[in-house]
């Protein structure tokens with residue numbers, strides 16, 4: 001392409017696209033993204049805290065502390081469960097909505113706008129709304145009680161076992177509109193010929209979806225699962241506004257723990273957890289995204 | 001088929017009303033109730049309307065104008081900066097081949113997956129005397145979202161034929177001139193996508209803002225919502241919390257409803273290829 005220029009001597013790419021154009025972006029990345037990440041590996045092994053001015057190395061003391069009080073393993077477990085639940089629910093709800101609202105009717109267009117509104121709201125606002133809805137004597141239990149004909153007092157946000165599911169649902173409720181829009185765009189890219197061919201081959205609606213349309217929207221699945229996973233590994237706002245990490249710290253994901261411990265002035269312990277989050281994402285997210293991409297190519 | 005013609009729209013409307021309508025309705029009606037009536041939020045209309053009192057109190061107690069100022073002060077330069085620097089770098093990354101560029105690109109986009117080291121960011125900002133300042137916040141956001149911009153824009157630049165740059169080059173334009181006059185205008189769709197996503201994230205961010213701005217003079221709308229809601233723990237002021245929720249959500253919802261077609265096509269334009 002470059003050699004087709006009629007200037008005789010082909011200009012070098014380094015002249016046409018100067019390296020210094022990279023400088024501002026990489027300077028910001030290096031100082032404000034990579035440097036703090038490197039610091040993570042240093043300060044996790046110090047006694048940095050709000051209670052004294054000097055910072056000294058302490059070896060593995062912080063790791064031992066968060067291991068022995070159970071915080072590390074419990075936060076890791078809750079973060080993984082929460083992220084997995086969000087990825088499943090958010091993608092599932094999004095796909096369901098996209099299929100329901102696929103045809104371009106007036107009502108469907110209206111409903112798409114409605115389902116997108118939560119995406120625009122702050123997760124804190126969404127969390128407070130659901131905290132009110134899901135109170136033991138709140139509207140949701142009231143409605144269920146009216147259906148059942150007796151008092152219903154499900155502790156939606158007060159169960160040490162199930163609240164993580166409720167919170168994952170609330171977060172999925174907030175983001176399902178985005179997943180829906182991505183799926184709708186994916187469904188639009190399927191050519192009418194392919195669907196016509198499936199129809200001629202005698203495929204019913206379910207068969208067409210299962211064998212033709214779902215495989216063809218693999219890139220949208222990848223995008224939605226990956227963004228849901230990554231977003232909820234860093235989950236914070238929704239949980240802060242619904243449970244604050246409770247009850248009995250059973251919804252305390254890594255970021256909530258980091259926030260709480262940092263607020264107590266134990267900066268090095270917070271750093272240790274931040275490092276744990278970094279390692280968790282590196283170990284889990286890269287293989288998951290790699291798997292999803294491979295699936296796209298195979299299909 | 002005939003029945004489903006009526007069933008489908010009915011199901012869609014019912015689902016919209018229950019799944020989205022009820023939560024939003026709860027926020028709206030509670031924001032107009034007296035403190036006592038809002039004590040246990042439900043779906044009933046207010047017996048006594050406290051609309052004006054609640055909103056004006058949320059406005060002053062939640063320092064809405066100061067929060068709005070802080071949010072805009074941080075968001076606008078961050079988004080502009082990350083898009084300009086990111087696009088400039090992406091153009092070079094997309095056009096130059098070689099191992100070095102591949103390594104740089106991989107490093108640049110790793111930030112999409114890796115979580116920001118939020119605690120040590122505070123340490124770094126203190127050392128740079130940027131802690132609790134809007135400039136520190138902007139630089140942190142730019143560092144966080146640079147990867148996303150480079151990922152989106154580099155992919156997009158690769159779809160633009162080099163020939164469009166060559167005409168300008170023969171007229172004697174220099175690289176920066178070509179970038180600004182020829183390349184940048186062509187990037188509009190992908191820049192729209194990145195702008196929507198990053199604005200959404202920064203506008204609603206509370207986690208990183210806590211660490212960077214927390215305790216300082218500057219604040220943002222979500223930080224103020226959190227402080228209003230935290231006082232709810234001992235005051236039970238759901239009416240103010242929801243007045244604030246409505247005040248804070250309304251601008252984005254209005255912008256969306258007005259420009260929904262362009263926003264939706266903006267989101268999908270860059271996200272799914």
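Summary of values
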quantity	calculated
Global form of chain B, assessed from the alpha-carbon gyration tensor, a/c cut-off 1.5	oblate
Ascending count of other beta-carbon atoms within 10 Å, so fewest first, for A:130, A:51, A:143	A:51, A:143, A:130
Measure of compaction for the range A:198-249 (Cα Rg per 2.2 N^0.38 Å)	1.93
Along each principal axis, Cα extent of the range A:70-298, largest first, Å	65, 49, 27
For chain B, calculated [θ]222 nm from helices alone, where every DSSP H run of n ≥ 4 adds -39500 (n - 2.57)	-23000 deg cm²/dmol
Shielding by other protein chains, A:13-20, mean Cβ within 10 Å	6
Within 10 Å of each Cβ in B:18-25, the average number of Cβ atoms from other chains	6
Within chain A, helix-based [θ] at 222 nm, where runs of 4 or more DSSP H residues each add -39,500 (n - 2.57), nearest 500	-21000 deg cm²/dmol
Cα gyration tensor category, rounded, prolate or oblate, for the protein assembly as shown with a/c compared to 1.5	oblate
Cα-based shape type of the range A:135-268, given that a ≥ b ≥ c are square roots of the gyration tensor eigenvalues and the cut on a/c is 1.5	oblate
Listed peptides A:112-120, B:152-160 by packing density, highest first (mean Cβ within 10 Å)	A:112-120, B:152-160
Highest average packing first - B:97-104, A:134-141, Cβ atoms within 10 Å	A:134-141, B:97-104
Shielding by partners, peptide B:254-260 (average Cβ within 10 angstrom, other chains)	2
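Bear in mind these aren't lab numbers, they're just calculated from the coordinates by the rules spelled out. Quick caveat, the model's predicted, so the values are computed rather than measured. Methodologically, a virtual Cβ is constructed for each residue, glycine included, from the backbone with ideal geometry; neighbour enumeration extends over all protein chains shown.
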